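Heads up: the structure comes next, in structure tokens.
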Amino acid sequence: MQLFTDWAQVPHAARGATVALGNFDGLHLGHAHLIRTAHAARPDLPLAVLTFEPHPRELFRPDDPPFRLSLSAERLEALAALGVKIVYELPFTEAFSTLPAERFIADVLAGGIGAAHLACGPDFAFGHRRGGGAALLGQRAEALGMGLTIVPPLTDAQGPLSSTRIRRALQDGYPERATAELGRPWAIRGEVVHGDKRGRTIGFPTANVLLGRHLEPARGVYAAMVRLPDGGTFRGVANIGRRPTVAEGVQSRLEVHLFDYAGDLYGQQISVALHAYLRAETKFPSFAALRTQIALDATTARAMLDDVPTRDAS
């Protein structure tokens, strides 16, 4: 898969594609439906996606709590799995945000990436102050020689699938709902950092990952699958929260204990997929009580993940 981050420097070979448009945060089943529909409209053309980094909301509302379901690397990996051949990941800067809708169509979509066919949802908005939408895109695309497919949202009994709906499910402690709507378990990817190393003193060493720009799901304990940089996967039990028994801090973090693993993960990027919510975050009266509960959590997580395959990269 080819990645381009400068719409003005796209080579000829990467022009003339079918291009699906959107933020694609989380790349859920609704997004996959849009991308597959785009490909079906013009299967003779290379399949491409145009998206933005950072998410526009991060620029316009920088004081909001982190809300991202997927960052760039995770999104690119999911796009590749869908068969996308070209990604135009445009930097969403202050200057870019002031580009009028008409110029976004003419300069970026037509002149810059040379799209042959476009696809978007009916609520796709673009340009300065979200001044453009599907209607304007339809008018201008035809005049500029680009085809357009407006893709209705994928819906179920609860309504349209959306990133907002998935965020709510995770914040309410229902990762299995997020899994159903994403088509895969939701995962947090990040670098393993040094903690206070208390876990190893009670027999449960953990890999610690800062949530960063990821959404903070419901605080508590999860059955989790951990993927290492070499592709190996391990079952585990994870805690997300402020660790009230140890020394409650102001910043939540992810701590995950990998079953049957011995090694040094500091400085490495791991991906922790949340499969099931076991219990809420609790303050225990002692470390002994905490250790007893972690042992119970680990037993429960092992049983829940028994049918989930692991992979030994060695």
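The values are calculated or read from the model by the stated rules, or taken from the named source; none is laboratory data. Please read these numbers as outputs of a predicted model, since none were measured by experiment. Ideal geometry is used to build each Cβ from the backbone, glycine not excepted, and the neighbour counts take in all protein chains shown.
From Ala135, Ala169, Ala141, grab the single residue that is surrounded by 15 or more Cβ atoms within 10 Å (Cβ to Cβ) and within 30 Å of Pro46 (Cα to Cα).
Details: Ala135 fails: surrounded by 15 or more Cβ atoms within 10 Å (Cβ to Cβ); Ala169 fails: within 30 Å of Pro46 (Cα to Cα).
From the options Ala135, Ala169, Ala141, the qualifying one is Ala141.
Confirm whether Pro160 is surrounded by fewer than 18 Cβ atoms within 10 Å (Cβ to Cβ), without any contact (Cβ under 8 Å) to a residue 40 or more places away in the chain and under 28 Å from Phe60 (Cα atoms).
no
For Glu216, are the conditions met, namely being charged (D, E, K, R) and either more than 25 Å from Leu79 (Cα to Cα) or not in a helix (DSSP H, G or I) (or both)? Walk me through it before giving the result.
Numbers: charged (D, E, K, R): yes; either more than 25 Å from Leu79 (Cα to Cα) or not in a helix (DSSP H, G or I) (or both): yes.
Yes; evaluated as a whole, the condition is true for this residue.
Would you pick out the residues in segment 248-286 that are of a type outside the set (Asp, Glu), in a loop (DSSP other than H, G, I, E, B) and under 24 Å from Val308 (Cα atoms)? Outline the logic, then answer.
Step one: filter segment 248-286 for residues of a type outside the set (Asp, Glu), giving 249-254, 256-259, 261-263, 265-280, 282-286.
With in a loop (DSSP other than H, G, I, E, B) added as a condition, the list becomes 249-252, 259, 261-263, 265-268, 282-286.
Correct list: Phe259, Tyr261, Ala262, Gly263, Leu265, Gln268.
Please indicate, with yes or no, whether at least one residue in segment 99-107 is in a helix (DSSP H, G or I), in contact with a strand residue (DSSP E or B) (Cβ under 6 Å, 6 or more places away or on another chain) and either not aromatic (Phe, Trp, Tyr) or not assigned by TED's automatic domain parsing to the domain that holds Pro11 (or both).
Going through segment 99-107, the residues in a helix (DSSP H, G or I) turn out to be 101-107.
The next check asks that each one be in contact with a strand residue (DSSP E or B) (Cβ under 6 Å, 6 or more places away or on another chain); those that pass are 101, 104.
Cutting the leftovers down to either not aromatic (Phe, Trp, Tyr) or not assigned by TED's automatic domain parsing to the domain that holds Pro11 (or both) gives us 101.
Scanning segment 99-107, I find at least one residue that is in a helix (DSSP H, G or I), in contact with a strand residue (DSSP E or B) (Cβ under 6 Å, 6 or more places away or on another chain) and either not aromatic (Phe, Trp, Tyr) or not assigned by TED's automatic domain parsing to the domain that holds Pro11 (or both), so the answer is yes.
Just to verify a result, which residue in segment 191-209, among those that are surrounded by 15 or more Cβ atoms within 10 Å (Cβ to Cβ) and either farther than 20 Å from Ser72 by Cα or modelled with pLDDT under 95 (or both), is farthest from the chain's Cα centre (by Cα)?
Arg198
Give the number of residues within segment 30-78 that are assigned to a helix (DSSP H, G or I) and β-branched (Val, Ile, Thr).
Going residue by residue through segment 30-78, those that are assigned to a helix (DSSP H, G or I) are 30-41, 56-60, 72-78.
This time we only want the ones that are β-branched (Val, Ile, Thr), so: 35, 37.
Count: 2.
A quick yes/no check of all residues on (1) touching a strand residue (DSSP E or B) at 6+ places or on another chain (Cβ under 8 Å); (2) of a type in the set (Val, Ile, Thr); (3) assigned by TED's automatic domain parsing to the domain that holds Gly232:
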position	(1), (2), (3)
Tyr266	yes, no, yes
Gln269	yes, no, yes
Val272	yes, yes, yes
Glu281	yes, no, yes
Phe284	no, no, yes
Leu290	no, no, yes
Thr299	no, yes, yes
